[in-house]
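Chemist: Here's a structure for you.
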Amino acid sequence: LGYSDFSVSYGDLFRTGTNFFEERRRGFAGIGIPFSGQRVSLNYFFEDRRAHSGLPAGRTLPTLGHYAGIFAQYFVGKIQTTPAAISQEGGQRVTANFEISDRILGSASQLQQQVVWGDARSYVRMPYADHHVVALRATGGSAFGEPFLQGNFSLGGSLGESPFVGASTRLFTL
């Protein structure tokens, strides 16, 4: 069960000298079932996206409105770490994700999509160097349905990964 409220900047999207900010309010509820180094999760989400600032007078965007649907994830892996570690120190993990936003589930009719993406990681210990690893990662995804102005995936950013960071699972950090 969770709720998030944040804004996303698209810069000077309308070339007016003012940055456009989109506010996103998202509530979700779901369940995750762990078993033998694996986990299956299923969530329902409802998200409202609206102009926070910088939308020129009289202008509307078809990508603003209600997104609602189902998010499912399959995770398998075994990661090694120590209490004083700042990151994983060995092992592998794979996640496969699916999200559908549909009018039947509460989404606006112009905001229907199906999105699939995945992530595979391996942490290889370096010889003769305690607690040092080489991290390898492959990730990708695809979206079907209505094209969104803001896109579906992000690459880069200044956020790291931790249980305390609420970044989207479709933000692929470098």
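Chemist: Taking a probe of 1.4 Å, how large is the accessible area per residue of region 48-158, in Å²?
Modeler: Normalised by residue count, the accessible surface of region 48-158 is 60 Å².
Chemist: Around Gln80, which amide H atoms from residues at least 5 apart in sequence, or from another chain, sit under 5 Å from its own amide H, with H modelled in the peptide plane?
Modeler: Amide H neighbours of Gln80: Glu89, Gly90, Gly91.
Chemist: Could I ask something else about it? Compute the Cα gyration tensor for the chain, then decide on rounded, prolate or oblate, letting a ≥ b ≥ c be the square roots of its eigenvalues: rounded whenever a/c is under 1.5, prolate when a/b is larger than b/c in the other cases, and oblate in all that remain.
Modeler: Prolate, because a/c is 1.5 or more and a/b exceeds b/c.
Chemist: Picking from Tyr74, Tyr44, Tyr123, which is most flexible by a Gaussian network model of the chain using Cα springs under 10 Å?
Modeler: Tyr123
Chemist: Which residue fluctuates most in the GNM of the chain (Cα springs below 10 Å): Gly27, Gly17, Gly90?
Modeler: Of the options given, Gly17 has the highest mean-square fluctuation.
Chemist: Could you check how much of the accessible area of the chain is carbon and sulfur, as a whole percent, using a 1.4 Å probe?
Modeler: 59 percent
Chemist: Another question, if that's okay. So how strong a dipole does region 30-158 carry about its Cα centre when Lys and Arg Cβ are +1 and Asp and Glu Cβ are -1, to the nearest 20 debye?
Modeler: 100 debye
Chemist: May I ask you to evaluate 6.51 cos²θ - 1.76 cosθ + 1.60, the Karplus curve with θ = phi - 60°, for each residue of region 101-113 and list the ³J(HN,Hα) values in order in whole Hz, giving x for glycine and proline?
Modeler: Karplus-based 3J(HN,Hα) across region 101-113 equals 10, 9, 4, 4, 9, x, 7, 5, 4, 8, 10, 9, 7 Hz.
Chemist: A follow-up question, please. In whole percent, what relative contact order does the chain give with Cα contacts below 8 Å and a gap of six or more residues?
Modeler: Over the chain, the number comes to 13 percent.
Chemist: Could you work out how far apart the two model spin labels at Arg39 and Glu146 are, taking each label as a point 7 Å from the Cα in the direction of the beta carbon, and quote it in nm?
Modeler: The answer from the label model is 3.1 nm.
The values are calculated or read from the model by the stated rules, or taken from the named source; none is laboratory data. Since the model is a prediction, treat every value here as computed from it, not as a measurement. Positions of Cβ are generated from backbone atoms using ideal geometry, with glycine treated the same way; all protein chains shown enter the neighbour counts. These area figures cover heavy atoms from the full protein model, side chains too; ligands, DNA and RNA do not enter into them. Shrake-Rupley method; radii C 1.70, N 1.55, O 1.52, S 1.80 Å.
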